[in-house]
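Peer 1: Sharing a structure, written as structure tokens. Questions coming.
Just so you know, all these numbers are worked out from the coordinates, no wet-lab data involved. Because the structure is predicted, anything quoted here is derived from the model rather than measured. Because the Cβ atoms are built from the backbone with ideal geometry, glycine has one as well, and the counts that use them run over all protein chains shown.
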Amino acid sequence: MRQVASLDGTILNFRSDTARLTWIAAALLALAGAQARADIRIELTGVEGPMRDNVLAYLSLQRYAQRNDLDAAMIERLFQRATNEAQDALRPFGYYDARIRSHLTPDGKNWRVLLRIDPGTPVILASADVKVTGPGADDGAFRRVIEQSSLSAGTRLNHAEYDRTKGELQRTAAAIGYLDARFLANELRVDPAAHIASATLELDTGPRYHFGKTTIEQDVIDQRLFRKYLRYRESDYYDAFAVLGTQFALDDSQYFSVVEVSPGERDPKTLTVPINIRAEPVRRNRYSIGFGYGTDTKFRATLGWDDRRINQAGHRSRVTLKASSITREIDGQYQIPIGDPAFEKLSLDTTIGTQQLADVDTSTVELRPGLTQVLGSWQRVLFVRFTHTTTETSTQRSTANLVIPGISFAPLASRMLAQPFVGGGFYAELTGSHHALGSDSNYLRLDVQDEKRFDLSTRWHLITRGELGLSLVGNFSELPASERFFAGGDRSVRGFGLNELSPVDAAGNKVGGRYLIVGSLEIERDLPRRLAIAAFVDAGNAVDKLGDPLEYSVGIGLRYKLPVLSIGLDVAQALSESGLGPRLHLNITPNIK
């Protein structure tokens, strides 16, 4: 074996002279290609925003800018096209007599292209006539499209707005059942010399169709239960969104591996559209295992078993084992669909586990029957928790038996299927107990959470988060720690440890408080590649008296945004307590809309 020293001193081994020569030839070719490459730098003046973007999209120079095979002759040919291409790019915005001065100059091994653009006098709409005729002329959906259109006399001509209005009228007609709709007039006239234009759109809706017969091909669940997932009834007006909603509801039911909801051929005689649905069963049992890490929980693991269709009545069950540095728990759940099965259910949950809350260790055995219902755009859950809890600190140990009726409310997302609350958005829960129910404690507890995201621009966002907890307790010492409030941690006041903020007992143990106040303001800026940076300020505390001082912190963070959740890494510094250093927080949260 022979050895050859590379230019940087690395020893390269070659098994033959042929291999050595091949490597040297490839290196020389790559070097020659790198030296021959010439980039094109394009500078535009006189236009900004969408107009600038459209000019760049039209320019052949822009599309070829990073090519490796450009030579001076090809660059010159592409440059000769630039003026006409830029003028074509400005016409959709109403500028038909743009004046463009162009310059092409070599810049070392590269090329510099300068386009100075004067858009000129815009074309103005002298008239804009947009109307809907036929049986659906008075339908509110069409009125909203016309009201939201910016096609009006006296405005600058914008081809994109004309096309958008036309397309929106067509899509609206198809979506709400006017399947024979057609344009009687569809005209955009432009007089570039006079700088005026006229736009005319007249849509004849034709008759409105209804849902016809629904044919269902499946043997997975009871046919009556299956039909409760349909988001329409036969003879209702045809609605494409109802068809899509049916597809979503059946997909999310978890009973099927494949669902196809497809409209058939419309019948112009009966004005009906039949619907064909085919569904195949999903594998009955699903096993899952997950590992993760969070600064609050440290390493954590989850093991789950789902029986997704116990019978044709749609019953299902789930068993989950969870373990982390602060929690060890086994959960069992049995669900029975009722009412609208996409959103409503009867459930029976069982939990056995231990949890560390600041300086308090709790062991809990709990049985929780619940009823999930939909009230308009809200999800309501009625439940009763039968709980046996053991609470232990460094100085004492106590047990409590509680019967805790409760009610919770959360807004119903368009595709949410009454799943447990996992963070994000509004949530309110009211619970309580009394000696008359056989409980060891009298109390009433309210917990309200909310999180909002405001888009300040396409890249800048404001995220607000808050939580308020209130409790009325007859004898606070009888209330288990699991029913008290704690603050601090990744989703609370960052800069402090999980449940670190709490009143203390006589021995100095952090045992939880009667009240909770938490608020957060965060500014976020999007970056390329799904990244974002954030700066935030948090405030809050768990206290025994309203008016007690709050704790404060500030920090910065990095986000990696996936389609439905974000992975966040935050560095927070507590301001209200001296002697505390920066604290790292790693968390995974649902995306807020």
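Peer 1: By a straight-distance test (C-alpha under 27 Å), which lysines pair with Lys561 as possible cross-link partners, with residues fewer than eight away in the same chain excluded?
Peer 2: Correct list for Lys561: Lys298, Lys322, Lys452, Lys593.
Peer 1: Let me ask something else. For the chain, what is the charge dipole size about the Cα centre, in debye to the nearest 20, if Lys and Arg each add +1 at the Cβ and Asp and Glu each add -1 at the Cβ?
Peer 2: 1300
Peer 1: If amide H atoms are built 1.01 Å from N in the plane of the peptide, which residues on other chains or at least 5 residues away come under 5 Å of the amide H of Thr133?
Peer 2: Distant-sequence amide H within range of Thr133: Leu203, Asp204, Thr205.
Peer 1: Something else: Suppose R0 equals 35 Å; then what is the FRET efficiency for Leu586 and Lys109 from their Cβ-Cβ distance, rounded to the nearest 0.05?
Peer 2: The formula returns an efficiency of 0.15 here.
Peer 1: Next question, about the same structure. Can you give me the three principal axis dimensions of region 210-281 from its C-alpha atoms, in Å, biggest first?
Peer 2: 37, 20, 19
Peer 1: Give the lysines reachable from Lys345 as a straight Cα distance under 19 Å; neighbours fewer than 8 places away on the same chain don't count.
Peer 2: Lys228
Peer 1: Still on this structure: Determine, for Val473, Val130, Val258, the number of other Cβ atoms within 10 Å of each Cβ, and report the residues in order from fewest to most.
Peer 2: Working: Val473 17, Val130 20, Val258 12.
By the 10 Å Cβ count, ascending, the order reads Val258, Val473, Val130.
Peer 1: State, to one decimal in nm, how far the label point of Leu346 lies from the label point of Ser457, with both points 7 Å from Cα in the Cβ direction.
Peer 2: Spacing of the two 7 Å Cα→Cβ label points: 5.6 nm.
Peer 1: Report the far tail of the P(r) of region 35-90, meaning the percent of Cα-Cα pairs longer than 18 Å.
Peer 2: The calculated P(r) of region 35-90 puts 32 percent of pairs beyond 18 Å.
Peer 1: Another question about this same structure. Given charges of +1 on the Cβ of Lys and Arg and -1 on the Cβ of Asp and Glu, with all other atoms neutral, how large is the dipole of region 210-281 about its Cα centre, in debye to the nearest 20?
Peer 2: Numbers: 9 positive and 12 negative charges, 58 e Å.
Dipole about the Cα centre, nearest 20: 280 debye.
Peer 1: For Lys131, go through the lysines and keep the ones whose alpha-carbon is under 16 Å away, minus same-chain ones fewer than eight residues off.
Peer 2: The reachable lysines, counting only those whose Cα sits under 16 Å from Lys131, are Lys166.
Peer 1: Which residues' amide hydrogens lie under 5 Å from the amide hydrogen of Leu151, considering only partners 5 or more residues apart or on another chain, with H built in the peptide plane?
Peer 2: Hits under the 5 Å cutoff: none.
Peer 1: Here's something else I'd like to know. Name the residue from Ser198, Pro405, Ala98 whose Cα lies farthest towards the positive end of the charge dipole of the chain, charges +1 on Cβ of Lys and Arg and -1 on Cβ of Asp and Glu.
Peer 2: Of the options given, the answer is Ala98.
Peer 1: Subtracting the Cα-Cα distance from 0.36 nm times the residue separation, let me have the gained length for Asn475 to Ile124 in nm, one decimal.
Peer 2: Gain in length upon complete extension: 118.8 nm.
Peer 1: Per the Debye formula with a single identical scatterer at each Cα and no solvent contribution, what log10 I(q)/I(0) holds for the chain at q = 0.08 Å⁻¹?
Peer 2: So the normalised log intensities are -0.91.
Peer 1: How high is the FRET efficiency between Thr464 and Phe409 when r is their beta carbon distance and R₀ equals 22 Å, given to the nearest 0.05? Before the final figure, lay out each step's value.
Peer 2: Working: r = 20 Å, r/R0 = 0.89.
Efficiency computed from Cβ-Cβ geometry: 0.65.
Peer 1: Note down the magnitude of the dipole of region 268-358 about its Cα centre, charges +1 on Lys and Arg C-beta and -1 on Asp and Glu C-beta and zero elsewhere, to the nearest 20 debye.
Peer 2: 360
Peer 1: Work through the residues other than Ile326 whose Cβ is under 10 Å from its Cβ and net out their charges, Lys, Arg +1 and Asp, Glu -1.
Peer 2: My count for the surroundings of Ile326 gives +1.
Peer 1: Give me the distance in nm between label points sitting 7 Å out from Cα along the Cα-to-Cβ direction at Val319 and Asp39, one decimal.
Peer 2: Going from the Val319 label point to the Asp39 one covers 6.0 nm.
Peer 1: Considering amide H positions built from the backbone, and no H for Pro or chain starts, which residues 5 or more places from Glu344, or on another chain, come under 5 Å of its amide H?
Peer 2: Close amide H contacts, sequence-distant or interchain: Ile338.
Peer 1: Further question on the same structure: For the residue pair Ile523 and Gln373, what label-to-label distance in nm results when each label sits 7 Å from Cα along the Cα-to-beta-carbon direction?
Peer 2: With each label point 7 Å from Cα toward Cβ, the separation is 4.6 nm.
Peer 1: Under the 0.36 nm per residue contour assumption, what length would be gained going from the current alpha-carbon distance of Tyr560 and Asn84 to full extension?
Peer 2: 167.2 nm
Peer 1: Just to confirm the filter: which trypsin sites (Lys or Arg not before Pro) across region 276-325 are DSSP coil and have at most 11 other Cβ within 10 angstrom of their Cβ?
Peer 2: Listed in order of number, the matching sites are Arg283.
Peer 1: While we're looking at this one, here's another question. Set the Förster distance to 60 Å, then compute FRET efficiency between Thr327 and Asn186 from the Cβ-Cβ distance, nearest 0.05.
Peer 2: So, using R0 = 60 Å, E works out to roughly 0.40.
Peer 1: Once a ≥ b ≥ c are taken as the square roots of the eigenvalues of the Cα gyration tensor of region 285-590, is the result rounded (a/c under 1.5), prolate (a/b larger than b/c) or oblate (a/b not larger than b/c)?
Peer 2: oblate
Peer 1: Here is a follow-up. Nearest 500 deg cm²/dmol is fine: what mean residue ellipticity at 222 nm does the chain get from its DSSP H runs of n ≥ 4 alone, each adding -39,500 (n - 2.57), divided by its residue count?
Peer 2: -5000 deg cm²/dmol
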